[in-house]
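Beneath this line is the structure, given in structure tokens, with notes to follow.
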Amino acid sequence: MKSFTEIFEGKELDIPAVKRTMLFTDIIGSSKLWATYKEDMYSALLKHDEQIHELVEKYDATILKTIGDAFMICFKGKKSALDALKFAIELTEDLEKKPIKVGSDKVQLRMGFAFGEMYERKVEVQGQSLKDYFGNTVNTASRMESKVSGDGGFAFTNVDKVDSDQSKEMTKLLKEKCKFEVIDFEDDCRFDPEEKVGRSARLLTDLQRHKCENVSKLKGVKPLRAYKCRVKK
């Protein structure tokens, strides 16, 4: 097993790496929904929480934390990426078949996930010792949700290679259930000279950059292929 080594105050910290799939969810426009439908939002969130918990149990995943209406969910096991894909598709379908109404609006999500190596640590939260994960895969999963996925859809990538059997199953499921766009992040930024903005493969976000560098020159950064998906109706 590989390890992450850090020099801290003259001591080496050796933290074991694990391979997991991390998934983030977020309700679109929740601030506006809270402002407009204060009384309805709380009951809507309870329904949404129940929906998430049922699917988490089904796919033997773990809710690591919630921030407001957003969830951070970890999938483990040999087919964690496939399980995360099934979770994202099923949650989207559930919200379509059984919409959670908030006034005249309804709950819509963005989701993003990534498979790869990450680092596990214990954290103290409200007096409890809990597991948490960090590293490039976790950051990338967050960017998939916030920067790549569209409203009502989801996006994902593999920071590390997925085994061929799982990859075949994921491809079959995508073709059957989703409309999707493939986006290659090969350079550190895709530069638009008109707006002076580049898109970063390191953070998958917009940067005020005047110079682009190939990802291969950046330590710890790999070219990524992202899948931006919408579930077929």
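The values are calculated or read from the model by the stated rules, or taken from the named source; none is laboratory data. No experiment lies behind these values; they were computed from the predicted model shown. Ideal geometry is used to build each Cβ from the backbone, glycine not excepted, and the neighbour counts take in all protein chains shown. Remember, those area values only see protein heavy atoms, side chains included, never the ligands or the DNA or RNA. Shrake-Rupley method; radii C 1.70, N 1.55, O 1.52, S 1.80 Å.
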Scan (1) closer than 17 Å to Gly112 by Cβ; (2) open to solvent by less than 70 Å² (accessible area, probe 1.4 Å); (3) modelled with pLDDT under 50 for the single condition Val215 breaks and write down its number.
(1)
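Yes or no, residue by residue, for (1) in a strand (DSSP E or B); (2) charged (D, E, K, R):
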| residue | (1), (2) |
| --- | --- |
| Glu117 | yes, yes |
| Glu124 | yes, yes |
| Leu130 | yes, no |
| Asn139 | no, no |
| Met144 | no, no |
Any residue at all in the stretch 47-54 that's closer than 22 Å to Thr140 by Cβ and at pLDDT 95 or above?
yes
Search the stretch 164-185 for residues that are without any contact (Cβ under 8 Å) to a residue 12 or more places away in the chain and loosely packed, with under 11 Cβ neighbours inside 10 Å and pair each with any residue that is part of a strand (DSSP E or B) and of a type in the set (Gly, Ala, Ser) when their beta-carbon atoms are under 6 Å apart and the residues are at least 6 apart or on different chains.
none
Members of the stretch 114-126 that are at positive phi and either modelled with pLDDT under 90 or touching a Pro at 6+ places or on another chain (Cβ under 9 Å) (or both):
Gln126
Consider Asp132 carefully, then state whether it is open to solvent by 20 Å² or more (accessible area, probe 1.4 Å) and farther than 18 Å from Arg230 by Cα.
no
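Residues checked against (1) touching a residue at least 40 places away in the same chain (Cβ under 8 Å); (2) among the hydroxyl-bearing types (Ser, Thr, Tyr); (3) within 14 Å of Met22 (Cα to Cα):
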residue	(1), (2), (3)
Lys47	yes, no, no
Asp60	no, no, yes
Lys76	yes, no, yes
Thr92	yes, yes, no
Asp105	yes, no, no
Glu124	no, no, no
Phe134	no, no, yes
Thr140	yes, yes, yes
For residues that are assigned to a strand (DSSP E or B) and of a type in the set (A, V, I, L, M, F, W, C), scanning just the stretch 146-163, find the one that is surrounded by the fewest Cβ atoms within 10 Å (Cβ to Cβ).
Ala155
